[in-house]
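Since the structure comes first, as structure tokens, the remarks are kept for the end.
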Amino acid sequence: MNLYRRFIRPLRLADVFTPNTTATVTYIERVKIEEDFLKNIDITGRQIIIYGHSGSGKTTLTRRMLKVSGVNFIITHCESATTFNDLLLSAFDKLDRFYISQKESNITYSVSSSMKAEYKSVCAEISKQNSTSHSEVSVRVVPPQLTPQKLAQFLGEVNAVWIIEDFHKISTEEKTRLADILKIFIDTANDYPRVKIICIGAVGSARELVTFDSNLYPRISEVHVPLLSEKEIREIINRGCQCLHIEMSESLIDKIVFYSNQLASLTHQMCYEICFKNDVKKTKAFKKQHINDDQFKSAIQGYIDNNSDTLKGIYESITKNKLVWYILKTIVSVEKESVTFEEIKSRINTRKHTFLDSDIVAELKKLSDETVGILRFDSNSDKYSVATPFWGAFLKMQLAIEQAEHDKRRKNKQNKNLIIKNQDDIDADVYDLLLRQLELLRKLAQS
């Protein structure tokens, strides 16, 4: 352990395990993906689409690689209501740090006096054209001078890349206009080689923009960022422990890996809660602190509680229908990335209960609808899968808890390594059985 880190400049827990922000000190190198990214960032005029599941580390990797490459960047975020004009204004606002504030950047640059004057002129025009709606809410108006072409020039002048996060959330109409912006940035690269757009989106979103304009196809690179492997999840935990000068037991690490569902952000969340419960607020200066699995129950329950108004609310509402509960339990228990209708049907229909095909199809359609968003249906493979890893992790925990509560009086002695120990409250048996039942399900699925 670095003595300087321990005694002179210790790290805060919030800097080591970062559930809601990009990882820095616990960043895990992903060589092949990083090489692919760096190759495309150097190609003049090449626009990039980064896609993968939420929580897979897309933004962390993008920011890291741009920093390594010495490339300046701005970031704008999309929501379902985000419009073309919102994107322009947001991006323009982020340029303030280069044109006005002149904060430290990755690379040096010089802005011509004429471009700086033009930037200030647009700022003044935006301020002047603010209007007020009937509800007394200030509405920002995009002035005629602020075109996508002009924005590309402003970015090019400071050698900056524009990162557009969650572009998949915007409407189809706005995606069409975004595709037009990509073409403009391709052309602008003739005068400003560094300028480009990096769109970050969810699984299945990479081809969306290309479908709006076939001419984009050879000028866009798609980089897939998969979920982390178990080895990579363990590396996050181990690096964090080294930074804080602590040591987690192997059984505790096994549990974190199992429940992380290959999500870096969920790994950070559980590690943060466990450290916090053990009063690890910063790097330990003296004797290394050992942490066993006493507080692991809190890490699981913390995730469930933190999502009680979102995931749990939806879950409790839809599982009032017993068929829905059986469908979700089936998809989680088979431990496969995706399953067919026939697999779901064969597992649901037993001697105890039989459901009509039409009823199963109807509920699968509801679960795959955007308003619910628990399942995803792939029309190419005719298979269903859990829509996001976050839903997968939640369902894994929630369904296992329910199963454990049902069987909590049974003395199942399988897989001692995943038993939660030293729980003083009455719920301890529930969580012991939870972990045992999960391992049993995994073995049955593999047999």
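The values are calculated or read from the model by the stated rules, or taken from the named source; none is laboratory data. Not measured: the values here are computed from a predicted model. All Cβ positions, glycine included, derive from the backbone under ideal geometry; neighbour counts span all protein chains shown. For the accessible areas, the whole protein counts, side chains as well, though only heavy atoms, and no ligand, DNA or RNA atoms are used. Shrake-Rupley method; radii C 1.70, N 1.55, O 1.52, S 1.80 Å.
Side notes on the structure shown:
- The set of residues in segment 92-121 being in contact with a Leu (Cβ under 9 Å, 6 or more places away or on another chain), modelled with pLDDT of 90 or more and either β-branched (Val, Ile, Thr) or closer than 21 Å to Ser69 by Cα (or both) consists of Leu95 alone.
- A search for C-beta distances below 8 Å between a residue of segment 359-386 that is over 14 Å from Ser338 (Cβ atoms) and any residue that is among the β-branched types (Val, Ile, Thr) and part of a loop (DSSP other than H, G, I, E, B), counting only pairs 6+ apart in sequence or on different chains, returns Lys366/Val372; Gly373/Thr388.
- Here segment 375-402 is the region considered, the condition is being under 25 Å from Ser229 (Cβ atoms) and among the β-branched types (Val, Ile, Thr), and the residue that is surrounded by the most Cβ atoms within 10 Å (Cβ to Cβ) is Val386.
- For segment 74-100, the tally of residues that are closer than 19 Å to Lys150 by Cβ and open to solvent by 40 Å² or more (accessible area, probe 1.4 Å) stands at 8.
The rows are residues; the columns are (1) touching a residue at least 24 places away in the same chain (Cβ under 8 Å); (2) among the charged types (D, E, K, R).
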site	(1), (2)
Phe17	yes, no
Thr21	no, no
Arg30	yes, yes
Asp36	yes, yes
Gln47	yes, no
Ser56	yes, no
Val71	yes, no
His77	yes, no
Asn85	yes, no
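- In segment 153-187, the residues that are among the hydrophobic types (A, V, I, L, M, F, W, C) and either assigned to a helix (DSSP H, G or I) or surrounded by fewer than 21 Cβ atoms within 10 Å (Cβ to Cβ) (or both): Phe154, Leu155, Phe167, Leu178, Ala179, Ile181, Leu182, Ile184, Phe185, Ile186
- The lone exception for Gln129 - which of (1) modelled with pLDDT of 85 or more; (2) touching a Pro at 6+ places or on another chain (Cβ under 7 Å) it fails: (1)
- Checked against the criterion of being closer than 28 Å to Pro10 by Cβ, open to solvent by less than 20 Å² (accessible area, probe 1.4 Å) and touching a Gly at 6+ places or on another chain (Cβ under 8 Å), the candidates Cys241, Cys271 yield just one match: Cys271.
Matching residues to (1) assigned to a helix (DSSP H, G or I); (2) closer than 15 Å to Ala202 by Cβ; (3) in contact with a strand residue (DSSP E or B) (Cβ under 8 Å, 6 or more places away or on another chain):
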position: Ser346; (1), (2), (3): yes, no, no
position: Arg376; (1), (2), (3): no, yes, yes
position: Tyr384; (1), (2), (3): no, no, yes
position: Gly392; (1), (2), (3): yes, yes, yes
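- Criterion violated by Ser338 - all others in (1) surrounded by 13 or more Cβ atoms within 10 Å (Cβ to Cβ); (2) at positive phi; (3) at pLDDT 85 or above satisfied: (2)
- Hey, Leu266 closer than 17 Å to Asn20 by Cβ and either buried (at least 23 other Cβ atoms within 10 Å of the Cβ) or in contact with a Ser or Thr (Cβ under 9 Å, 6 or more places away or on another chain) (or both) or not: yes
- Of all residues making up segment 44-59, the number that are out of contact with any helix residue (DSSP H, G or I) (no Cβ under 9 Å at 6 or more places or on another chain) and in a loop (DSSP other than H, G, I, E, B): 1
- If you go through segment 227-253 and keep only what is part of a helix (DSSP H, G or I) and touching a strand residue (DSSP E or B) at 6+ places or on another chain (Cβ under 7 Å), you end up with Ile237, Cys241, Leu252.
- When Asp294, Asp279, Asp305 are screened for being of a type outside the set (Gly, Ala, Ser) and in a loop (DSSP other than H, G, I, E, B), only Asp279 passes.
- Every test in (1) within 19 Å of the chain's Cα centre (by Cα); (2) closer than 18 Å to Val386 by Cβ; (3) among the aliphatic types (A, V, I, L, M) is passed by Ile318 save one, and that test is (1).
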